[in-house]
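The values are calculated or read from the model by the stated rules, or taken from the named source; none is laboratory data. Being a predicted model, the structure only gives us computed values, none of them experimental. Quick reminder, even Gly has a Cβ in these numbers, built from the backbone with ideal geometry, and neighbours come from all protein chains shown. For the accessible areas, the whole protein counts, side chains as well, though only heavy atoms, and no ligand, DNA or RNA atoms are used. Shrake-Rupley method; radii C 1.70, N 1.55, O 1.52, S 1.80 Å.
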Amino acid sequence: MQMKHCGQKLGVRGRAAVVHACFVTWQIQRPEKAALPEAFSDEEIKTWQMVAAGATSKDYAENAGISRNEALRRFRALRERVKADNGPHLVSLGWRYGVLDESLVEMVSGTVLPVLACR
């Protein structure tokens, strides 16, 4: 219920996007930074960003010019590679490794998140 309320308040949809929006707006504490365990491809970083922005597999497929099945495969492959349990966990790991940050404010829903000063 709390996730739904935060999503409505911030104008985003999807649990992963809610987590990202809460990090951007300091609604929840950001994870401590850690070094990347390995290099990630541009495709993987784009996938991470799409998850954080609240993209569905259909949204991602249309944006990247790929099939929906390929979009789903990329989501799963990235989650498996970083051992994320789900989309929100993937977003948290993206913040931890510095792949995601407050520069990603434009969400798939059309909402632009307010960037708040560092706490």
Residue match in the stretch 57-74 (condition: open to solvent by less than 80 Å² (accessible area, probe 1.4 Å), modelled with pLDDT under 95, assigned to a loop (DSSP other than H, G, I, E, B) and of a type in the set (Val, Ile, Thr)): no
The stretch 75-105, residues that are hydroxyl-bearing (Ser, Thr, Tyr), surrounded by 16 or more Cβ atoms within 10 Å (Cβ to Cβ) and not in a helix (DSSP H, G or I): 97
Where residue 41 falls short, out of the listed (1) small (Gly, Ala, Ser); (2) touching a Lys or Arg at 6+ places or on another chain (Cβ under 9 Å); (3) over 26 Å from residue 115 (Cβ atoms): (2)
Close pairs (8 angstrom Cβ cut-off, 6 or more residues apart or separate chains): aliphatic (A, V, I, L, M) in the stretch 64-78, open to solvent by 60 Å² or more (accessible area, probe 1.4 Å) anywhere: 64/46; 71/58
Exclusive hit being in contact with a helix residue (DSSP H, G or I) (Cβ under 7 Å, 6 or more places away or on another chain) and touching a residue at least 40 places away in the same chain (Cβ under 8 Å), set 44, 106, 102: 102
Hits in the stretch 11-34 - residues which are open to solvent by less than 80 Å² (accessible area, probe 1.4 Å), closer than 28 Å to residue 73 by Cβ and assigned to a loop (DSSP other than H, G, I, E, B): 12, 14, 31, 34
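Residue-wise test of (1) within 20 Å of residue 102 (Cβ to Cβ); (2) in contact with a His (Cβ under 7 Å, 6 or more places away or on another chain); (3) not aliphatic (A, V, I, L, M).
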| residue | (1), (2), (3) |
| --- | --- |
| 9 | yes, no, yes |
| 23 | yes, no, yes |
| 26 | yes, no, yes |
| 31 | yes, no, yes |
| 52 | yes, yes, no |
| 59 | no, no, yes |
Sole exception among (1) open to solvent by 20 Å² or more (accessible area, probe 1.4 Å); (2) more than 14 Å from the chain's Cα centre (by Cα); (3) not charged (D, E, K, R) for residue 108, by number: (2)
Residues of the stretch 42-56 satisfying the condition of being hydrophobic (A, V, I, L, M, F, W, C), over 8 Å from the mean Cα position of the chain (by Cα) and assigned to a helix (DSSP H, G or I): 45
